[in-house]
1. Step by step: first the residues of the range 87-108, then only those that are charged (D, E, K, R) and not in a strand (DSSP E or B), then the one that is nearest to V217 (Cα to Cα). Which residue is that?
2. Considering only residues that are of a type in the set (D, E, K, R) and either under 33 Å from the mean Cα position of the chain (by Cα) or surrounded by 12 or more Cβ atoms within 10 Å (Cβ to Cβ) (or both), which ones fall in the range 67-87?
3. Sort out for me the strands (runs of 3 or more DSSP E) sitting completely within the range 119-225 that have 2 or more residues that are surrounded by fewer than 19 Cβ atoms within 10 Å (Cβ to Cβ), modelled with pLDDT under 95 and among the basic types (K, R).
4. Cβ contacts < 8 Å: first residue closer than 17 Å to I188 by Cα, restricted to the range 131-157; second residue in a loop (DSSP other than H, G, I, E, B) and among the aromatic types (F, W, Y), any location; separation 6+ or different chain. Result?
5. Considering only residues that are hydrophobic (A, V, I, L, M, F, W, C) and under 11 Å from the mean Cα position of the chain (by Cα), look in the range 116-150 and name the one that is nearest to D194 (Cα to Cα).
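The values are calculated or read from the model by the stated rules, or taken from the named source; none is laboratory data. Remember, predicted model here, so these are calculated numbers, not experimental data. Methodologically, a virtual Cβ is constructed for each residue, glycine included, from the backbone with ideal geometry; neighbour enumeration extends over all protein chains shown.
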Amino acid sequence: MRSCETIHLKSDEPSLSTPITSQYQKAIWLVCLLCGGLLFSHGAYLWAKAQLAQVLIARAWQTVLLAEVSLERSSGATPEMYQQAQKVKPWPWADTYPVAKIQFAEQSLYVLAGASGRTMAFGPGHMSATPLPFQGGNSVFTGHRDSHFASLAQLNKGDVIDVQTLAGQGQYRITAIFVVHQSQMHIIESNNQDQLTLLTCYPFNSLTPNPTLRFVVSAQRVFEG
């Protein structure tokens with residue numbers, strides 16, 4: 001008897017699983033690369049805008065200082081003239097103006113009036129509910145953790161912050177660095193001490209938007225003599 005043989009027929013229809021999987025993988029990689037490129041471009045744009053803004057704000061601050069000197073030499077200067085000279089816009093459509101210059105961690109920054117998100121896109125902002133430095137009380141400056149105030153992470157207790165306003169210039173020495181919840185806003189309350197508080201979001205390297213923690217640098221004015 002002839003033995004029975006099992007014959008396996010090969011299908012002429014090609015397998016679609018491997019090519020389709022490969023196509024999906026390529027598509028996913030392309031999407032990831034595109035998203036990464038867009039994020040990088042957006043981040044580079046924000047960084048460039050922040051840097052250019054500080055250049056324009058620096059020019060406005062120099063204009064303010066020169067105007068102040070000119071008015072002091074003028075015998076007919078009025079309080080209204082001083083107020084107008086102090087509010088020099090860094091660009092025509094700006095809704096803010098520089099009020100101070102600070103130096104720390106080998107960088108110079110120009111502080112703008114107000115602490116809105118729109119203002120802080122261009123530089124640190126002064127919380128208008130607090131006094132300016134050298135006026136007594138607790139002066140509060142805020143900034144973004146990923147741009148102008150990223151260097152707060154480099155500061156240490158005992159470091160000195162140089163400050164210049166229209167009232168003069170001087171130094172503040174850091175006395176404390178700590179992290180608090182955003183609900184603990186007693187840190188911005190005014191007091192009888194000549195104090196400077198720098199404030200930004202925390203952690204510095206987190207990609208989570210709208211964090212609830214705040215990184216706080218507290219400094220006391222250094223008096224000569």
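1. E106
2. Correct list: E68, E80, K87.
3. none
4. What qualifies is T142/F149; G143/F149.
5. Checked the range 116-150; the qualifying residue nearest to D194 (Cα to Cα) is F141.
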